[in-house]
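> Mind having a look at this structure? Questions to follow.
The values are calculated or read from the model by the stated rules, or taken from the named source; none is laboratory data. Predicted, not measured: the structure shown is a model, and the values here were computed from it. Cβ coordinates were reconstructed from backbone atoms using ideal geometry, including for glycine residues, and neighbour counts include every protein chain displayed. SASA here: full protein model, heavy atoms, side chains in, ligands and nucleic acids out. Shrake-Rupley method; radii C 1.70, N 1.55, O 1.52, S 1.80 Å.
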Amino acid sequence: MSALTIDARDGSARTGRLRTAHGDVNTPAFMPVGTHATVKSLDPDEVRACGADIVLCNAYHLALRPGVDLIERAGGLHSFMAWDGPILTDSGGFQLVSLRTVTAVDDDAATFVSPYDGARLRVTPEEAVGLQARMNADIVMCLDQPVAWGADAAQAEAATKRTHRWAERCAAVHPGDGRLLFGICQGGFDEQARAASASRVAGLDFDGIAVGGLSVGEPLEVMEAMTAASVAELPVDRPRYFMGLGTDAELLTMVALGVDMFDCVAPTRLARTGAALTPDGRLPLRRAVYRDDLRPLVDGCPCPACRRFSRAYLRHLIGAGEILGHRLLTLHNVTHLSTLMAGAREAISAGRFGVFRAETEARLRAAGDGEEGADAADAGQPQRIGRTVESARIPGTLGPRG
Ligand SMILES: [Zn+2]
C-alpha cells in the first residue's frame with residue numbers, strides 16, 4: 001500500500017498526504033534543508049510556524065559530525081534536534097559530484113574524505129541505508145551516483161548503471177519499522193536513458209522515487225524534458241521527489257509534471273546574503289533603494305519579519321551584520337516557499353492550478369523577470385541551487401552549480 005493518498009488531481013499535478021511515522025506531509029511539499037540537523041538559525045518550533053511539515057537532513061554530513069553513535073544514543077535525530085515531525089535524510093550521493101575530495105567510487109562503495117578532519121568514510125549502499133535507519137529517519141534515501149552537467153554519455157551511462165545496482169542492494173535491506181525507503185533514478189541528460197532509469201527503479205517497489213541528478217547546471221528546458229521523461233515511467237500512486245530545486249517558477253513547472261516533494265537550500269542560503277524571496281522575485285535588501293523603505297517585505301505574509309518589521313529595518317540589520325537580520329530573512333524565505341506550496345495545493349484541489357501557475361509567473365515577469373533577472377546576480381547566487389548543499393563554507397565543497 002502506498003504511503004501517499006492523492007486527494008485531488010488537476011492535469012498531471014496532484015495534491016494529497018504522505019503518511020510517515022512522525023506525521024503527515026501535505027503534498028506538494030517544500031522541505032527546508034537542515035544539513036547539520038538544524039534549519040540554519042531557526043528553532044524547530046519556528047520551522048513548524050513557517051509552514052514546514054518535514055525537514056531534510058544530510059546523513060553524510062551527520063555521519064562525519066557528530067557521528068551516528070551519538071545521534072543513536074540521543075534517541076535518534078528527532079530527539080537530538082528536538083523536531084518531532086517527519087525527517088528525510090539524504091544519503092550523500094550528491095556529495096559524489098559536489099565534493100572534490102571523494103577518493104574513490106567503485107561498484108561496492110563510495111569513499112568520502114571528511115571535509116572536517118580528512119578522515120575517510122567508506123559507505124556501501126547497505127551501510128548508507130543502515131546509517132539513516134540508525135538516525136531514525138522517516139524517509140531513507142538510496143545511495144546513488146549522479147553526474148555533473150557536461151558529463152559525456154558514457155560517464156552518465158556508467159553512473160546510472162551503478163545507481164541501479166546500488167538501488168537493488170538498498171531495496172534488499174529495506175529498514176522497515178514504518179520507515180519509507182525512496183529509490184533515486186538518474187539517466188544523465190538523455191530522455192531515453194531517463195525513461196529507462198525511472199522504469200528500472202520503479203520496478204524495485206520503493207515507497208517513493210526521487211528524480212536525481214538534475215538542477216546541476218543544465219538549461220531549464222533540459223531539466224523539464226528530463227523530468228517529464230522520468231515521471232512518465234513512475235507509478236502514479238507513489239510519491240515523487242525532485243532533489244534540489246529551485247525558483248518559484250521551476251517548482252511550479254515540476255508540480256505541473258506531477259512531482260510531490262522538493263528541497264532547496266535557497267531560502268536559508270539567500271537569507272545569509274540579505275536576499276528575500278517574494279512573489280515579485282528576489283529582493284536584494286542590501287540595495288540602497290530599500291534604505292528608507294518602511295513597507296513590509298511582503299504585504300500579507302504571515303511571517304514575523306513581515307508582520308513586525310520594515311524593509312528599512314531589515315536592511316539595517318543585514319548591513320550591520322546583526323544575527324536577527326539573518327534569522328528574520330530565513331523565517332520569511334521558508335514561509336514564502338511553504339506559502340507557494342500551500343497555494344499550489346489549494347489551486348490543484350480547486351481545479352485551477354493552471355491559472356495559479358500563470359498568475360504566479362506573470363507577477364514574476366511583471367516585476368522585471370524577478371528571479372531570472374539581475375536580482376539573483378546581485379545576491380551573488382546562481383539562478384538555481386541544486387540538491388542539498390548547505391555546506392558552501394566547507395573547504396573542498398564546490399558551489400551548487402559546480
Ligand atoms: Zn514574510
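> Please state which of the following conditions residue 289 fails to meet, knowing it meets all the rest: (1) assigned to a helix (DSSP H, G or I); (2) touching a Cys at 6+ places or on another chain (Cβ under 9 Å); (3) open to solvent by 20 Å² or more (accessible area, probe 1.4 Å); (4) closer than 21 Å to residue 368 by Cα.
The one condition residue 289 does not meet is (2).
Listed here are the residues, each with its yes/no results for (1) among the aliphatic types (A, V, I, L, M); (2) over 22 Å from the mean Cα position of the chain (by Cα).
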| site | (1), (2) |
| --- | --- |
| 275 | yes, no |
| 285 | yes, yes |
| 288 | yes, yes |
| 297 | yes, yes |
| 303 | no, no |
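> Residues 211, 236, 265: which one is over 15 Å from the mean Cα position of the chain (by Cα) and of a type in the set (A, V, I, L, M)?
On the way: 211 fails: over 15 Å from the mean Cα position of the chain (by Cα); 265 fails: over 15 Å from the mean Cα position of the chain (by Cα).
Every option except 236 fails the conditions.
> Any residue at all in the stretch 38-55 that's under 28 Å from residue 168 (Cβ atoms) and in contact with a Leu (Cβ under 8 Å, 6 or more places away or on another chain)? Show your work before the answer.
Of the residues in the stretch 38-55, the ones under 28 Å from residue 168 (Cβ atoms) are 54.
From the residues that got through so far, the ones that are in contact with a Leu (Cβ under 8 Å, 6 or more places away or on another chain) too are 54.
For the stretch 38-55, residues under 28 Å from residue 168 (Cβ atoms) and in contact with a Leu (Cβ under 8 Å, 6 or more places away or on another chain): present.
> To continue, here is another question. Look through 15, 20, 38 and report the one residue that is more than 14 Å from the chain's Cα centre (by Cα), open to solvent by 50 Å² or more (accessible area, probe 1.4 Å) and β-branched (Val, Ile, Thr).
On the way: 15 fails: open to solvent by 50 Å² or more (accessible area, probe 1.4 Å); 20 fails: open to solvent by 50 Å² or more (accessible area, probe 1.4 Å).
Among 15, 20, 38, only 38 is more than 14 Å from the chain's Cα centre (by Cα), open to solvent by 50 Å² or more (accessible area, probe 1.4 Å) and β-branched (Val, Ile, Thr).
> May I pose another question? Given the conditions (1) in a loop (DSSP other than H, G, I, E, B); (2) within 13 Å of the ligand (Cβ to nearest atom); (3) in contact with a Ser or Thr (Cβ under 6 Å, 6 or more places away or on another chain), report the number of the one that residue 271 does not fulfil.
(1)
> In the stretch 292-325, what residues are of a type outside the set (A, V, I, L, M, F, W, C), surrounded by fewer than 22 Cβ atoms within 10 Å (Cβ to Cβ) and outside any loop (DSSP other than H, G, I, E, B)? Walk me through how you get there before you give the answer.
Restricting attention to the stretch 292-325, the residues satisfying the condition of being of a type outside the set (A, V, I, L, M, F, W, C) are 292-293, 295-296, 299-300, 302, 304, 307-308, 310-311, 313, 315-316, 319, 321-322, 325.
Next, from what is left, pick out any that are surrounded by fewer than 22 Cβ atoms within 10 Å (Cβ to Cβ): 292-293, 295-296, 299-300, 302, 304, 307-308, 310, 313, 316, 319, 321-322.
The answer is 304, 307, 308, 313, 316, 319.
> Out of the helices (runs of 4 or more DSSP H) lying entirely within the stretch 50-137, which hold 2 or more residues that are surrounded by 16 or more Cβ atoms within 10 Å (Cβ to Cβ), touching a residue at least 60 places away in the same chain (Cβ under 8 Å) and within 22 Å of the chain's Cα centre (by Cα)?
Working: elements: 59-64, 68-73, 77-81, 95-98, 125-134.
Per the criteria, 59-64, 95-98, 125-134.
> Inside the stretch 217-246, can you point out the residues that are open to solvent by less than 40 Å² (accessible area, probe 1.4 Å), part of a loop (DSSP other than H, G, I, E, B) and touching a helix residue (DSSP H, G or I) at 6+ places or on another chain (Cβ under 7 Å)?
Those that are open to solvent by less than 40 Å² (accessible area, probe 1.4 Å), part of a loop (DSSP other than H, G, I, E, B) and touching a helix residue (DSSP H, G or I) at 6+ places or on another chain (Cβ under 7 Å): 234, 245.
> Just need a number here: residues in the stretch 247-259 that are surrounded by fewer than 24 Cβ atoms within 10 Å (Cβ to Cβ) and either among the aromatic types (Phe, Trp, Tyr) or within 22 Å of residue 186 (Cβ to Cβ) (or both).
Of the residues in the stretch 247-259, 5 are surrounded by fewer than 24 Cβ atoms within 10 Å (Cβ to Cβ) and either among the aromatic types (Phe, Trp, Tyr) or within 22 Å of residue 186 (Cβ to Cβ) (or both).
> From the list 328, 364, which one is surrounded by 14 or more Cβ atoms within 10 Å (Cβ to Cβ), touching a residue at least 24 places away in the same chain (Cβ under 8 Å) and within 16 Å of the ligand (Cβ to nearest atom)? Give the steps one after another, and end with the answer.
Details: 364 fails: within 16 Å of the ligand (Cβ to nearest atom).
On inspection, the qualifying residue turns out to be 328.
> Across the stretch 138-159, what is the total count of residues that are assigned to a loop (DSSP other than H, G, I, E, B) and touching a residue at least 24 places away in the same chain (Cβ under 8 Å)?
If we filter the stretch 138-159 for residues that are assigned to a loop (DSSP other than H, G, I, E, B), which is where we start, we get 138, 142-152.
Remaining after also requiring touching a residue at least 24 places away in the same chain (Cβ under 8 Å): 138, 142-151.
So the count comes out to 11.
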